[in-house]
1. Please average, across the residues of A:63-75, the number of beta carbons from any other chain that are within 10 Å of each residue's own beta carbon, and give a whole number.
2. Take the residue pairs B:LYS35/B:LYS194; B:LYS66/B:LYS107; A:LYS75/B:LYS66; A:LYS233/A:LYS272; B:LYS35/B:LYS127 and return only those whose Cα atoms are more than 26 Å apart.
3. Please average, across the residues of B:93-102, the number of beta carbons from any other chain that are within 10 Å of each residue's own beta carbon, and give a whole number.
4. In whole Hz and in residue order, list the ³J(HN,Hα) couplings for the stretch B:149-156 that follow from phi through the Karplus curve 6.51 cos²θ - 1.76 cosθ + 1.60, θ = phi - 60°; x for Gly and Pro.
5. Taking other Cβ within 10 Å of each residue's Cβ, how do A:HIS287, A:HIS55, A:HIS216 sort, fewest first?
6. Would you please classify the overall shape of the stretch B:91-142 from the alpha carbon gyration tensor, given that a ≥ b ≥ c denote the square roots of the eigenvalues, rounded means a/c under 1.5, and beyond that prolate means a/b larger than b/c while oblate covers the rest?
7. So, R0 is 35 Å and r is the distance between the beta-carbons of B:GLN171 and B:SER25; what FRET efficiency does that work out to, to 0.05?
8. Using a 7 Å offset from Cα along Cα-Cβ at B:GLN152, what residues in the stretch B:168-189 end up with backbone N under 20 Å from the label point?
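Throughout, read-outs are computed from the coordinates displayed, never taken from laboratory work. Every value quoted in this text rests on a predicted model; they were computed, and no experiment measured them. Positions of Cβ are backbone-derived with ideal geometry, glycine not excepted, and every protein chain shown enters the neighbour counts.
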Amino acid sequence: MSQDIIYTSTSDESFKNRSTGYEYTVGPKPSLPDECNRSPLTSKLYSESLNTKRHEVSLSAMTFLFQEMISSLHKECKTVTEFETKLSNYGESIGSRLLELLNFRSSISPGSSSRTSTFLTSSTSVLSSQTSAPGTNANYTNNTNNNNGGGSTGNGTRSRSNTGASSKDYASSIKTSNRDSSDRHHHHHQVESLTSQISKMRRRDLKILDILQFIHGTLWSYLFNHVSDDLVKSSERNNEYMIIDNQPPLTQFISGPNNRISCDYFICGIIKGFLTNAGFRCKVTAHEMPQGQFENRTVYLIQFDNQVLEREAIRFDQP
Amino acid sequence: MSRQQSINSSQTAASATAQSPLSRSFKATGEDVWKRTEKINAELFTLTYGAIVSQLCTDYGRDFTKINEQLFQMGYSIGVRLIEDFLARTALPRCQDMQETSEALSKCAFKVFLNITPRVTNWSSTKDTFSLIIDENPLSDFVELPMDAMEQLWYSNVLCGVLKGALEMVQLDCDVFFVSDILRGDQQTELRVKLNKVLKDEIPIGED
């Protein structure tokens, strides 16, 4: 049946000429007039749960892919700066996704657990997940849309009075939208839902230190299975912070200090994408600072825009 | 008579198990090596691959034929280097036939690198072509293709390149290609491997 639907939509010439792919204004699956009366497309995306499955691949598979990404960038870039910017862009697209994903996963209420997730080794948050919750589906796209509706102007402008009550509404509205989607895709009824385990959304981090803690703890644990080795504030400039990794796993097989540090810009990009999407505009650079036994020790230097500091001063500094 | 029967039955039993110890050893090797392998979050892998494909889509102006080629090419250069890593980890001997190769691919190679075990099916009558059914593809988690890409893009085409490159390095000249992909609305993701010929171990020019 699904094949039939695809045939219809893709054979429509007028649509084909108009479309350049994903229609951001319409959503993931624009519905055509003749599609309205049909049952909706089976989309794997909607039936997939955002629950942590904690799947793993081998580090070599990841580094082979990473290396191939770098070598193809190497061919097309003429300067180091160009290379670093492009690599960082790759990371940014990942970081911006992780912001939403990790915020949802960190919102799982500990009470709804029947098994403890191994997703975090960080001591700062305890995550847990339910083994089965039939009937509902996690719907990432819907969630994100909802999210944008809730705070479209970004975290910076969300009021401080956004306490429990409103975030509860927010979470329940997500639930509702999810139920809709699960009704439409009812045939995938055995997927665990992430949102079914969230009774209250985790408040977004509005302070610089809070979000940096989140990166240092949750993001790093998610990416590399351990918290970052240090989070430091610069003593000279008050807009600079440093996240330190003693042994960056992805770039460990790359030789030559200068080459290696350029490749760390992938991680810089992830950090930057994460922060920028959370409303903290910044610049992230990688620096090599060997210390003792850690020859590959890398410092990710985060320089926030002045506007971020000004905002923080206005909102949080008591007179 | 009764003795002969017992001999016969023991023979058939032996021939029936002739293949399974082999495939069991592939399975055991794969699982054993996987346990000892350093691992990383599969979602980071998925997202990184996604970033690569979407960047290619921009770079090549959504010319999906070229993108398929490029992904294959990337895979190929991974494959020719990855085989070393694979052999070093598993210390597998040379496969005797394609049946063994298919088992090694599914139970060892895919297991060791991606922690999945695709099903081997659809053998051709000449036993030189088979399919790998990939039920769980870590490359395409959370992926949904836009409509224009659905027709032409083989999203996980990098895998074809990897297999092509790796098999070529062990003297197996193969064609590797996708015949269906769940992302395109197909029932299953099927990767086909077709042996063209077994290459001869050639001495590099000027070596003798």
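1. 5
2. B:LYS35/B:LYS194; B:LYS66/B:LYS107; B:LYS35/B:LYS127
3. The per-residue average across the peptide is 0.
4. In residue order, the calculated couplings are 6, 4, 6, 10, 6, 9, 4, 9 Hz.
5. So the residues, fewest neighbours to most, are A:HIS287, A:HIS55, A:HIS216.
6. Oblate, since a/c reaches 1.5 and b/c is not below a/b.
7. According to the calculation, E is roughly 0.95.
8. Residues B:177-186 fall inside that zone.
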